[in-house]
Amino acid sequence: MNLTINKNAMLVWATLILFVCSSISPAFAAQRIKDLASVQGVRSNQLVGYGLVVGLPGTGETSPFTEQSFRTMLTNFGISLDPNIKPKIKNVAAVAVHAELPAFSKPGQTIDITVSSVGEASSLQGGTLLQTFLRGLDGEIYAVAQGSLVVSGFGVQGNDGSRIVSNTPTVGTIANGAVVERSVPSGLMQNDYLTLNLHSPDFSTAQAMADKINQRLGADPKNGYAIATPIDAASVQVMAPRDVAQRVGFLATIENFEFEPAAAPARIVVNSRTGTIVIGQDVRLMPAAITHGGLTVTISEDPQVVQPNPFGDGETVVVPQSVVDVALDDSRMFKFDPGVTLDQLVRAVNEIGAAPGDLMAILEALRQAGALQGELIVI
């Protein structure tokens with residue numbers, strides 16, 4: 001067995017890092033307010049329900065709660081089963097249904113739903129969801145779901161227990177599978193102000209957005225008249241008309257204002273599972289020196305044949321023998337001067353010949369040494 005560090009692997013990673021970071025312009029381009037913030041109180045709501053899928057080709061289940069749900073359904077239709085009779089319902093499966101109710105959804109509109117098995121059903125392929133009530137967090141019914149499932153996965157199983165599964169056959173979707181029965185009150189008209197919440201909180205961005213709104217609408221905060229006021233790093237409060245039609249038009253106007261958001265913090269994001277490393281353009285290094293050496297470990301097996309003594313009672317045997325050889329490559333040291341840029345950092349590490357895993361260790365060591373000007377995030 002030969003364990004060695006691949007020094008050429010870093011070439012690909014360094015090229016990828018440089019490509020990602022070089023595509024970022026030094027000056028951030030102007031962006032619309034609607035792309036950076038959302039209106040407080042205007043949001044979607046999660047709905048969930050429990051129901052039955054019928055019509056399965058023997059891929060259902062006979063769990064106790066499925067049987068109970070099946071009996072309850074028949075009772076609602078006026079059909080009573082003998083409690084001593086256990087129905088064979090391999091074509092029925094108990095499922096959980098969930099959906100996202102968009103803001104301003106009105107009764108009669110339709111939404112997409114996702115159906116997932118909660119029992120032992122092996123597949124929902126070919127099934128039909130019966131009428132299922134979808135409830136919100138307050139327990140009220142906001143939509144009713146029903147329809148034929150679309151399942152992208154499949155699964156087959158042999159009598160010997162062998163099984164082949166592709167994708168996820170126990171989860172399906174129904175496009176426009178639920179009808180909205182109740183609308184959710186919106187917070188758009190609750191008071192005289194609107195609050196814009198930034199997707200990425202930043203004090204400089206909040207102030208820049210408020211300044212742009214005041215500038216475009218003719219307000220003068222220096223003289224005590226401000227239409228937009230930053231509350232904190234995430235929110236900007238804006239005075240808005242009380243009339244519904246005027247407020248909608250007001251929002252349609254200000255959400256298209258463009259301004260330059262503040263530069264993002266200097267960050268290095270490391271995905272420890274995939275080895276992906278993304279370095280922001282504002283990352284800098286303090287004076288530091290890095291040394292890196294390659295370690296090669298070679299383990300070989302050289303079995304030896306042992307013969308018994310002449311005319312002895314022993315037997316010929318093979319004795320395993322392992323040979324371990326460790327070789328340490330020459331280490332090279334690189335010194336970084338103050339204010340080293342991203343390109344210089346990546347090129348220098350590339351010269352060392354580090355693999356992605358080694359680059360993670362180098363970055364962590366630089367952070368511990370206080371030589372890395374930027375936040376190191378490991379996901």
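Values as computed for the structure displayed
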item: For ALA29: the one exception among (1) exposed (fewer than 15 other Cβ atoms within 10 Å of the Cβ); (2) assigned to a strand (DSSP E or B); result: (2)
item: In region 34-56, residue surrounded by the most Cβ atoms within 10 Å (Cβ to Cβ) [restricted to those that are small (Gly, Ala, Ser) and farther than 17 Å from LEU130 by Cα]; result: ALA37
item: From the options VAL115, VAL95, VAL151, residue that is surrounded by 15 or more Cβ atoms within 10 Å (Cβ to Cβ), under 30 Å from SER44 (Cα atoms), among the β-branched types (Val, Ile, Thr) and at pLDDT below 90; result: VAL151
item: Selection from region 124-145 of residues that are more than 20 Å from ARG43 (Cβ to Cβ) and part of a strand (DSSP E or B); result: THR128, LEU129, LEU130, GLN131, THR132, PHE133, VAL144, ALA145
item: Enumeration of residues in region 238-255 that are surrounded by 12 or more Cβ atoms within 10 Å (Cβ to Cβ) and part of a loop (DSSP other than H, G, I, E, B); result: ALA240, PRO241, GLU255
item: Condition broken by LEU18, with the remaining ones in (1) outside any helix (DSSP H, G or I); (2) modelled with pLDDT under 50 satisfied; result: (1)
item: Residue that is surrounded by the most Cβ atoms within 10 Å (Cβ to Cβ), among those in region 57-92 that are assigned to a loop (DSSP other than H, G, I, E, B) and of a type in the set (Val, Ile, Thr); result: THR59
item: Filter result (free of Cβ contacts under 8 Å to residues at least 40 places away in the same chain, of a type in the set (A, V, I, L, M, F, W, C) and within 13 Å of LEU217 (Cβ to Cβ)) within region 227-247; result: ILE227, ALA228
item: Region 218-234 - residue that is under 21 Å from ARG32 (Cα atoms) and surrounded by fewer than 17 Cβ atoms within 10 Å (Cβ to Cβ) and, of those, modelled with the lowest pLDDT; result: GLY218
item: Subset of region 307-321 that is part of a loop (DSSP other than H, G, I, E, B) and surrounded by 10 or more Cβ atoms within 10 Å (Cβ to Cβ) - its residue that is modelled with the lowest pLDDT; result: GLN321
item: Lone unmet requirement of (1) part of a helix (DSSP H, G or I); (2) in contact with a strand residue (DSSP E or B) (Cβ under 8 Å, 6 or more places away or on another chain) for ALA121; result: (1)
item: Residue list for region 188-217, filter: surrounded by fewer than 16 Cβ atoms within 10 Å (Cβ to Cβ), under 21 Å from ARG43 (Cα atoms), under 28 Å from the mean Cα position of the chain (by Cα) and not polar (S, T, N, Q); result: HIS199, PRO201
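The values are calculated or read from the model by the stated rules, or taken from the named source; none is laboratory data. The shown structure was predicted, so the numbers you read here are calculated from the model rather than taken from an experiment. Cβ sites come from the backbone with ideal geometry, for glycine too, and all protein chains shown count toward neighbours.
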